[in-house]
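Worksheet: the structure to be examined is printed underneath.
Values quoted throughout were computed directly from the atomic coordinates according to the rules given, and no laboratory measurement underlies them. Predicted, not measured: the structure shown is a model, and the values here were computed from it. All Cβ positions, even for glycine, are placed from backbone atoms using ideal geometry, and neighbour counts span all protein chains on display.
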Protein chains: 2
Amino acid sequence: MVLRDKILRAATELYAETGFRGTTTRQIARRAGVNEVTLFRHFGSKTALLHEAIQCACAREERRLLPLIPGEVRVELLAWARAVWAGLWHRRGVIRTALGEIEAHPQLYPKENSATASAGRELASYLRRLRAAGRVRASLDVPAATAMLMGTLFTDAMSRDILPFLYRRNPTEAVPEYVDLFLAAIGANAPHSQESR
Amino acid sequence: MVLRDKILRAATELYAETGFRGTTTRQIARRAGVNEVTLFRHFGSKTALLHEAIQCACAREERRLLPLIPGEVRVELLAWARAVWAGLWHRRGVIRTALGEIEAHPQLYPKENSATASAGRELASYLRRLRAAGRVRASLDVPAATAMLMGTLFTDAMSRDILPFLYRRNPTEAVPEYVDLFLAAIGANAPHSQESR
DNA sequence: ACCGGATGCAAGTGGGCGCTTGCATGGGCC
DNA sequence: GGCCCATGCAAGCGCCCACTTGCATCCGGT
């Protein structure tokens, strides 16, 4: 079944580069090193092929979890944010294209199940745990705070290569800055060993 | 010259809905209530037409300025953030599509001159003024803070209608929440009349 | 009244598209 | 060896695309 995967990978790449209409079956076949007929014998139609390719590309995302019992908030959040950013960055091509075409082909894309959406849920429930433990400001608006950190990471990963002049720091430096700003925003205070930054 | 504008508006709409390849000259002509030949007589080619349409759509954005001498930071930032969010929301269709196609057709889109980029510059210089005036934490990382607020507003405006289950608050409530979180993040303190929220 | 420029209309051109068909080929399994 | 399934190859089908051409029409300025 190596061949199926080669086709799917070629389809995903081309989709990320040129979108649904821009991706032709001839291109997919050429990049996969396969005859064009083979695509149709395997997947039936271009739509079915791209559907499967996109689902695969999104599903392969491994979920990164935040601890059930919060410990060192800065350490935990930083590791999580790095992983989320890396995942977004790695798939930025597909995500950007999908975002632009989701209105035209809504059935092609996962929404509730998208990696970004579940990362958001993960963060929100972690923040609720922090608030319940009195580790952050009691008046914290969890959905807004979630949207803030997710939005920061998302926009950075999506536009860093397009508008490079906006991002002077490289990602290894930028993400910790975001996390520290975020900790200040939510009023994080740790019972044990928190340095201000 | 009403006709030219009708064509450009139709082209922009269709582009936002279906992208460059998805937009056909026949569709543009029909939506503009014009014969297809007229498009070519006016603009020469589909590419030239869409190029002008996109440039117009982005240029019409009015710049929203932040005061040179900061006064009531929360009031000023909130008004600015509302305006920026509204601009992003209004053009979300074109922006999403453009973001997905900027790799394939880079010359079609403004980058340095995009409304989002100049809004980011505006915010960054305002933050530098605040820092110089000692109104925010002295150690504030201006580029990171800028990326944070811009990213929050951008992602909200881009994904609110796509992932509605992530956004429980309507935008009129959400933007102030973002601003308050942001004020806490940058350690804003006002010399006169700042209530905590 | 007349002229010229802008527009509409109908038809067509070459090319790329998704997809199909028919046949040759080759490699693993009995 | 003989069979069968997967794949390659070549050709083609109908469709839509961007774009062109030639001609009719209309409308405003003089």
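The C-alpha radius of gyration of chain A, expressed as a fraction of 2.2 N^0.38 Å, stands at 1.22.
Between this copy and the others, label points of B:Thr47 are 3.1 nm apart in ascending order, each placed 7 angstrom from Cα in the Cβ direction.
Fewest Cβ neighbours within 10 Å first, please rank A:Tyr15, B:Tyr126, A:Tyr167 accordingly. Mind showing how you got there, number by number?
Numbers: A:Tyr15 24, B:Tyr126 21, A:Tyr167 16.
Lowest to highest Cβ neighbour count: A:Tyr167, B:Tyr126, A:Tyr15.
If you count, for every residue in A:17-23, the Cβ atoms of partner chains within 10 Å of its Cβ, what is the mean?
Details: counts 2, 8, 9, 4, 6, 7, 1.
Per residue, the average neighbour count from other chains is 5.
About its Cα centre, the dipole of the protein assembly as shown is roughly 560 debye, where the only charges are +1 on Lys and Arg Cβ and -1 on Asp and Glu Cβ.
Please compute, for peptide A:104-115, the average count of beta-carbon atoms on other protein chains lying within 10 Å of each residue's beta-carbon. Could the numbers behind the result be given before it?
Numbers: counts 5, 2, 1, 0, 0, 1, 0, 6, 3, 0, 2, 0.
Rounded to a whole number, the mean comes out at 2.
Entry for the protein assembly as shown at q = 0.06, 0.14 Å⁻¹: log10 I(q)/I(0) = -0.27, -1.24, Debye formula applied to identical alpha-carbon scatterers, no solvent contribution.
In the protein assembly as shown, what is the count of Lys pairs whose alpha carbons are under 24 Å apart, counting only pairs at least 8 residues apart or on separate chains? Write down the numbers at each step before the final one.
Numbers: A:Lys6/A:Lys46; A:Lys46/A:Lys111; B:Lys6/B:Lys46; B:Lys46/B:Lys111.
Summing the qualifying lysine pairs gives 4.
Whole Å is fine, so just give me how far the alpha carbon centre of region A:71-97 lies from that of region A:121-142. Region A:71-97 and region A:121-142 have Cα centres spaced 19 Å from each other.
Counting beta carbons within 10 Å around each of B:Val94, B:Val84 and listing the fewest first gives the order B:Val94, B:Val84.
Identify the residue of chain B whose Cβ lies closest to the rotation axis that maps chain B onto chain A, and give that distance in whole Å. So the chain B residue sitting closest to the axis is B:Gly100, 1. Computed FRET efficiency, Cβ-Cβ of A:Val75 and B:Ala132, R0 45 Å: what is it to the nearest 0.05? My answer for the efficiency is 0.85. Taking the number of Cβ atoms within 10 Å of each Cβ as an exposure proxy, the fewest-first ranking of A:Val175, B:Val142 is B:Val142, A:Val175. Taking every C-alpha pair closer than 8 Å and separated by at least 6 residues, the mean separation divided by the residue count of chain B gives a relative contact order of 23 percent.
What separates the A:Gly33 label point from its copies, with the point 7 Å along Cα to Cβ, is 5.7 nm, written shortest first. Between the residues B:Ile102, A:Ala144, B:Ala79, the greatest Cα displacement towards the positive end of the dipole of the protein assembly as shown, with unit charges on the Cβ of Lys, Arg, Asp and Glu, is found for B:Ile102. Each copy carries a label point for B:Pro67 at 7 Å from Cα toward Cβ; from one copy, the others' points are 4.5 nm away, ordered from shortest.
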